[in-house]
Amino acid sequence: MRKKVVIYVLLIIGITLIINEGCSQGGNEEQLVKLDIKGMTCDHCVANVTKALQSVEGVDTAIVDLENDKAEVRFKENAPMTEALIAAVEKAGYGASIIED
Ligand SMILES: [Cu+2]
């Protein structure tokens, strides 16, 4: 009797995990961070910053806006730390700071 209960509980946990996985694949669990970027002057800079942001583990997309000196980065839940994004941009030779909404 006990064993059956344990198996049911494990089944429910398993199903819950599968459902959550399905949701994150739909993009609902993605996070968005907006950054102010300093030092960009041309499309080459945009490419450098985009590449730097996309090199950070967990980043899905990075859209860099030269005209407004901004970047929008979408990444999977739990990754990456915003500090890692800033560090990557600084390593590429530009400045970055988080835009708080
Ligand atoms: Cu440039």
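Between Arg74 and Asp43, the distance separating the two model label sites (each 7 Å from Cα on the Cα→Cβ line) works out to 2.4 nm. Each Lys or Arg adds one and each Asp or Glu takes one away; over the other residues whose Cβ falls under 14 Å from the Cβ of Cys42, this sums to -4. Remark: Glu77, Glu100 ranked as Glu100, Glu77, counting other beta-carbon atoms within 10 Å and listing the fewest first. Here the label points at Ser55 and Ser97, each 7 Å from Cα along the C-beta direction, are separated by 2.4 nm in the simple model.
Readers should treat all values here as calculations from the given coordinates under stated rules, not as data from a laboratory. Treat the numbers as computed from the prediction; the structure is a model and nothing was measured. Note: ideal-geometry Cβ built from the backbone for every residue, glycine included; neighbour counts use all protein chains shown.
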